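Below is one structure, written out as structure tokens; comments come after it.
The values are calculated or read from the model by the stated rules, or taken from the named source; none is laboratory data. Since the structure is predicted, the reported quantities are computational estimates derived from the model, not experimental observations. Methodologically, a virtual Cβ is constructed for each residue, glycine included, from the backbone with ideal geometry; neighbour enumeration extends over all protein chains shown.
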Amino acid sequence: MSETTSTGKEKPSVQEQLAAQAPQAEAQIEKQIQSGKLREPQDLPLATRNDKPFISFDFDGVICRPPFGQNRVLGRNLHEEELPESIRMVDGPATTLKRRMYLQARGLFEDLKYFGRDPMTAAREGIIAVSQYRTPIIVTGRSYMAKRIIDAWLKRYHMQEYFAAIYANNTALPTRQFKLYMLRRLNIDEHVDDDGAITYYLARKGVKQLFLRDWPRNQGLPYPSNVVHFTNISEIAQYLSRSRV
């Protein structure tokens, strides 16, 4: 039932109020970016699509096929440590020639890493199916310098429109901790990964639902009951279609 004001006029809904405030909020965000008080894009607030909750995806081995189609770098060492009290950021501007040369070389390395790599089987179709139930984003342990090439890769394979954001590691945290840090920061309860040890860690640290892409090196670990195994991303969509938010 709609609320009315003292003058008898219908009170705007919460959605209408937020829509009216959006231009002012966007202008304030842009002002903060220009002043250097807000980083682009990692600190930008996110909005879900049609009120569908977020679900985060790892990139390598989930969306992008690993080199030669074999994922041989998955971890098996299990961890349960908590996040450190302070998080050191590493994406500040280069202030020395040595640092600038390192960033240029590292950027080239990240570019070459994705050269010629194809999507996982039916990845685009799976993401489209998942987007019927959730708002997908990417959270990857790859360096923040890989964000540009990941974005270009998604555009090449016509998947960029289905992801609300890309978050690459701009901290000194190892991958498992960076992903936990981002999931907590964005209040995300569901994550898709291909690394068994990372999936185990996130499940043990309170992430409610994990989806693990089956690779040979993921077999035999003591996964908690909230880990669901899959081969094709479309299987995640089928699972979500049966679950309640």
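Restricting attention to the range 155-178, which residues are aliphatic (A, V, I, L, M) and farther than 10 Å from Ile138 by Cα?
Quick first cut of the range 155-178, residues aliphatic (A, V, I, L, M) only: 159, 164-166, 168, 172-173.
Met159, Ala172, Leu173 - these are the residues of the range 155-178 that are aliphatic (A, V, I, L, M) and farther than 10 Å from Ile138 by Cα.
Here's the yes/no breakdown for (1) of a type in the set (D, E, K, R); (2) over 18 Å from the mean Cα position of the chain (by Cα); (3) at pLDDT 95 or above:
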residue: Phe57; (1), (2), (3): no, no, yes
residue: Arg65; (1), (2), (3): yes, no, no
residue: Leu74; (1), (2), (3): no, yes, no
residue: Met89; (1), (2), (3): no, no, no
residue: Ala94; (1), (2), (3): no, yes, no
residue: Arg99; (1), (2), (3): yes, yes, no
Residue that is loosely packed, with under 10 Cβ neighbours inside 10 Å, at pLDDT 60 or above, farther than 19 Å from Gly141 by Cα and among the charged types (D, E, K, R), where the choices are Glu85, Glu80: Glu85
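With Tyr167, Tyr201 as the choices, which residue is under 12 Å from the mean Cα position of the chain (by Cα) and closer than 20 Å to Pro84 by Cβ?
Details: Tyr201 fails: under 12 Å from the mean Cα position of the chain (by Cα).
None of the others qualify; the one that does is Tyr167.
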